[in-house]
Amino acid sequence: MDFFHRQDEARAKTTWLLFLFILGIVSTAFLIHLLVAFIISSLQEISYSFVVFDLRLFAITFLIVCGFILIVSIFKTASLKRKGPHGIAVSLGGKLVQRGGGSARELRLYNVVEEIALAAGCPVPHVYVLDKESSINACAIGTSPENAAVCVTAGALDFLTRDELQGVVAHEFSHIVNNDVNLDTKLIGYLFGLEVIALIAAIVFRSTLEAPISVRSDRSSKDGSSSSGGVIIAILFISGALFLIGYIGTVFGNIIRAAISRQREFLADASAVQFTRNPEGIAGALKKIGSPGMGSHIANSASVQASHMFFGSVFQQGFLQSLFQTHPPLAKRILAIDPGFDGVFPKTVQKNRWSSSSDTTSEDSEASAQLSDAAAAGDDVASSQIASFADQMSVASGSQPSSPLGFSREELYGSAFGVMAGGAPPTDEFKVRVDDAVLETVPQEWDHFLVDSVAARAALYAVLRSSSADDAQKQRVIISQSESAELNQKLDSAWMRIETLGETSRLILARKAVPLLKTLSLEEYQTFRSITIELCQTDGVLDLFEYTLQALVIRELDLYYRLSREPKIRYSSLESVLSPFTHVLSHLAYEGALYPGDEIKAFQAGMSVVNVSANIVPKENCSLAAFSRALNVLSLSAPLVKQKILQALYRCIAIDGVVTEKEAATLSAVTAALGVPAPVWHDWR
């Protein structure tokens, strides 16, 4: 999966969507003008051709129809943004799944989502179960990776193995990481505008059919007139014609859905294989969907407008599905992953033995404290080569894959290379040793701090505990004055344990806690935000760890609570951001220098990637404040520019053959500020 090219393609698709949308509006407006011309010519006995070519009438009709469709589309899109992922998920029949809560199958689902989120290097989204849907399906919804949700049907939880569920969730994460969810949400809003005329006309037509007898009898009793019959016929004719014309908009809408989503599903399947390193997982899920009596149909009527968001087609088999296919045929998708597929789907699918159990397995208990092997995504081939990727993988279902490159623990390399270099295989030059501190994970004993927003806030406050006893005491006073007694009680436990966690583990703990903070009210979040910033300022110095934590946590939550907006793209070439780029590269070179002169070698190695000459910034000018200002400028770069930047930074890190904790933290700060997947440094278990 090449995240950056996919981001660039998403922008191009948005332009294509806008073109088709405008074409649909113009076509609808023109056909309605023909209908209006026919009505006027019939009533006034004027030549039809004369009325059709009346430019004034055409302009009035065109402006009214286009204005109406645009207003409806804008209103619908704004409504979806106000609702957010939660509102859309609820409209689909979703029930929120909390970390550590619910049944065994819901716990397993949350663990899988959390694993893939860490593997993908993106925020953990909200998790919902469509508990009234017995088919196998899932969808990702939202407006950005920071404001997204994953919905999974009850049927998927009941009938899929853990590996298969992981494959389905990883597929949805491809749509989140590549920000397809934003385009999908816009698509619902835009297409509703095209379809609304047909919807209104259908309501009027149906209402008129149900009313004529009572209307006629009422009017006849007053004046004996039968004129109401002509009025009713006229209403039926006009509403029927408008329905047929409006259906043109519906056809355009379905064509747009199909055109945008079909090829994207192949790419998401490829990404799922890269994330999980297990092609049999997603292939098995697709095969079960093809089993007689199973399928991926969604009964909720709201799913039709969101059909392009789902893992499988929401339509039942038949004419509608074949006419407006939003997904490639199942057999083609499976063959792309499993070239040996014989085209035969399983006759029956058995429920999982644990689907109704209240006990969790040890597998899932351990999963919540470990990074998934999916973190090594993207290091074999690009997503477009999914078939050859599947050929290279021979992983038995349920087993842990080993390194296909045969690296020892001392020859690790980051999955970040797969993201930054577009999934290309690493060369010997990029085989690097990762310090043990970078590979730390969060002990399972911290799980009870990740069950609600109060405990999560206590954990995050503890993460920021100063190593100085005096400063730590000041921090406790700040928290106790602003937070509840319940939170301060939980903080006592976290405060004592936090000293055993290294910086990497603290950052992972913070990332796991963020979804729980999205349940806060805006006022509660603003209190948490101000306390967090104040804790970082206790000693009067903002260090790299504190900056990274704020970049990871505050940035995501500010976007979620709409206290800030996604930066707009301003720079489309590296040359236009050369100065801030060299500043960030210089900062990273100094952080990773073990011996005098290493920083020059690292800086030059990074610059060689972008084929631009520049001098390293003097160390005295590389303050954290200047680093932050430079990142703010780089965040306005186009996706392909960000890719070059991160490739250069990775080369800078890897040139000495070792990744230090400071280098890993700096790169995490960069990726958080740029709004791209964060690298996960992972050993092959």
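The values are calculated or read from the model by the stated rules, or taken from the named source; none is laboratory data. All of these numbers come straight from a predicted model, not from anything done at the bench. Cβ sites come from the backbone with ideal geometry, for glycine too, and all protein chains shown count toward neighbours. Quick note on the areas: whole protein, heavy atoms, side chains included, nothing else; ligands and nucleic acids left out. Shrake-Rupley method; radii C 1.70, N 1.55, O 1.52, S 1.80 Å.
I'm checking my understanding of the structure. Among residues of segment 306-319 that are crowded, with 21+ Cβ neighbours inside 10 Å and modelled with pLDDT under 85, which one is nearest to Q350 (Cα to Cα)?
Across segment 306-319, the extreme among qualifying residues is F315.
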Can you name the number of the only condition in (1) at pLDDT 75 or above; (2) touching a Lys or Arg at 6+ places or on another chain (Cβ under 9 Å); (3) outside any loop (DSSP other than H, G, I, E, B) that E429 fails?
(1)
Restricting the first residue to segment 155-172 and requiring it to be among the hydroxyl-bearing types (S, T, Y), which pairs with a second residue that is surrounded by 24 or more Cβ atoms within 10 Å (Cβ to Cβ) and not in a helix (DSSP H, G or I) meet a Cβ separation below 6 Å and a spacing of at least six or different chains?
none
Output for segment 620-668, where each listed residue is among the hydrophobic types (A, V, I, L, M, F, W, C), touching a Pro at 6+ places or on another chain (Cβ under 7 Å) and not in a helix (DSSP H, G or I)
L636
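For (1) surrounded by 15 or more Cβ atoms within 10 Å (Cβ to Cβ); (2) of a type in the set (A, V, I, L, M), each residue gets a yes or a no:
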| site | (1), (2) |
| --- | --- |
| S41 | yes, no |
| S47 | no, no |
| V51 | yes, yes |
| L57 | yes, yes |
| I64 | no, yes |
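Table: residues versus (1) under 30 Å from G193 (Cβ atoms); (2) open to solvent by less than 40 Å² (accessible area, probe 1.4 Å); (3) at pLDDT 85 or above.
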site	(1), (2), (3)
A211	yes, yes, no
S226	no, no, no
V251	yes, no, no
I256	yes, yes, no
I260	yes, yes, no
Q274	no, yes, no
E280	no, no, yes
I289	no, yes, yes
A302	yes, yes, no
So which residues in segment 172-185 are in a helix (DSSP H, G or I) and either over 16 Å from R257 (Cβ atoms) or touching a strand residue (DSSP E or B) at 6+ places or on another chain (Cβ under 9 Å) (or both), if there are any at all?
E172, F173, S174, H175, I176, V177, D180, V181, N182, D184, T185
So R511 passes all but one of these: (1) in contact with a Phe, Trp or Tyr (Cβ under 7 Å, 6 or more places away or on another chain); (2) in contact (Cβ under 8 Å) with a residue 40 or more places away in the chain; (3) not aromatic (F, W, Y). Which condition number does it fail?
(1)
Those residues that are open to solvent by 30 Å² or more (accessible area, probe 1.4 Å), modelled with pLDDT of 85 or more and more than 30 Å from L674 (Cα to Cα), I need them from segment 94-109; list them, please.
K95, R105, L107
If we scan segment 183-199, do we find a residue that is at pLDDT 80 or above and in contact with a Cys (Cβ under 9 Å, 6 or more places away or on another chain)?
yes
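If you check T519 against the conditions, is it under 19 Å from V454 (Cα atoms), at pLDDT below 90 and open to solvent by 50 Å² or more (accessible area, probe 1.4 Å)?
Numbers: under 19 Å from V454 (Cα atoms): yes; at pLDDT below 90: yes; open to solvent by 50 Å² or more (accessible area, probe 1.4 Å): yes.
Yes; evaluated as a whole, the condition is true for this residue.
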Are any of the residues in segment 602-613 over 21 Å from S637 (Cβ atoms), in contact (Cβ under 8 Å) with a residue 60 or more places away in the chain and aliphatic (A, V, I, L, M)?
no
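So for segment 630-639 (the condition being at pLDDT below 90, under 26 Å from L118 (Cα atoms) and in contact with an Asp or Glu (Cβ under 8 Å, 6 or more places away or on another chain)), does at least one residue qualify? Step through it out loud before you land on a result.
To start, the set of residues in segment 630-639 that are at pLDDT below 90 comprises 638-639.
If we keep only those that are under 26 Å from L118 (Cα atoms) as well, we get 638-639.
With in contact with an Asp or Glu (Cβ under 8 Å, 6 or more places away or on another chain) added as a condition, the list becomes 638-639.
Looking for residues that are at pLDDT below 90, under 26 Å from L118 (Cα atoms) and in contact with an Asp or Glu (Cβ under 8 Å, 6 or more places away or on another chain), one finds at least one in segment 630-639, hence yes.
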Hey, any hits in segment 87-101 for a residue that's under 30 Å from L509 (Cβ atoms), part of a helix (DSSP H, G or I), among the hydrophobic types (A, V, I, L, M, F, W, C) and over 23 Å from the mean Cα position of the chain (by Cα)?
no
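Rundown of residues vs (1) part of a loop (DSSP other than H, G, I, E, B); (2) of a type outside the set (S, T, N, Q); (3) open to solvent by less than 10 Å² (accessible area, probe 1.4 Å), yes/no style:
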{"site": "N111", "(1), (2), (3)": "no, no, yes"}
{"site": "A117", "(1), (2), (3)": "no, yes, yes"}
{"site": "V127", "(1), (2), (3)": "no, yes, yes"}
{"site": "K132", "(1), (2), (3)": "yes, yes, no"}
{"site": "C139", "(1), (2), (3)": "no, yes, yes"}
{"site": "A148", "(1), (2), (3)": "no, yes, yes"}
{"site": "G167", "(1), (2), (3)": "no, yes, yes"}
{"site": "A170", "(1), (2), (3)": "no, yes, yes"}
